[in-house]
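Everything on this sheet refers to the single structure shown next.
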Amino acid sequence: MDRYKLGRFLLVSLLQLAWFPVVAAEGRDFAGFFAVTNVVESEESVALTFSVRLHNFGGADLLGARVRLVDPFDLETDYEAFMAVDIRHEQTARLIGEVIVPRTEWDAWSAGASPWLIVEYQDPAGDTRLDRAELVRSVVGEDGP
């Protein structure tokens, strides 16, 4: 790897790490990095492996949270519903799933849009909460975030 590529890689990596706490500081309880691999494109849909490192910045442990990758225009349409996950306060969980998304969604992600990842859980009062996780595309590592 030449010096220019190495320098660019290191700069982007450092900026990405510096950006991580800032994203959550905007009032989000959940933030993380996502990556897509094994992309197979067709005319109307795209099959891929979606991986995410999701960090819990909220004030409490999450036990049995439901994490869903959803259509941003119809939150009831899941592209992927991950297994129930526990994410302790200030801890991170890694989730991976095989996903098929519409071509229009893939094109939006390719143009820089962030996937809609919804965390569904019960708050301490017992009420169901749906919070969107703020995601940033990972550029570090070949096997995802």
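For this structure, a couple of remarks:
- If you filter the range 43-81 down to residues that are more than 15 Å from Ala31 (Cβ to Cβ) and aromatic (Phe, Trp, Tyr), you find that the one that is nearest to the chain's Cα centre (by Cα) is Phe50.
- Complete set of residues in the range 78-101 that are over 14 Å from Glu120 (Cα atoms) and either surrounded by 18 or more Cβ atoms within 10 Å (Cβ to Cβ) or touching an Asp or Glu at 6+ places or on another chain (Cβ under 7 Å) (or both): Tyr79, Arg88, His89, Ala93, Leu95, Gly97, Val99, Val101
- Every residue from the range 22-37 that is at pLDDT below 90 and closer than 19 Å to Arg88 by Cβ: Ala24, Arg28
- Residue tally, condition surrounded by fewer than 18 Cβ atoms within 10 Å (Cβ to Cβ), not small (Gly, Ala, Ser) and not in a strand (DSSP E or B), over the range 33-57: 2
- Qualifying strands (runs of 3 or more DSSP E) (wholly inside the range 69-138; at least 1 residues being under 21 Å from Asn38 (Cβ atoms)): 74-81, 92-102, 116-122, 128-137
The values are calculated or read from the model by the stated rules, or taken from the named source; none is laboratory data. Quick caveat, the model's predicted, so the values are computed rather than measured. Reconstructed Cβ throughout: ideal geometry from the backbone, glycine too, with neighbour counts over all protein chains shown.
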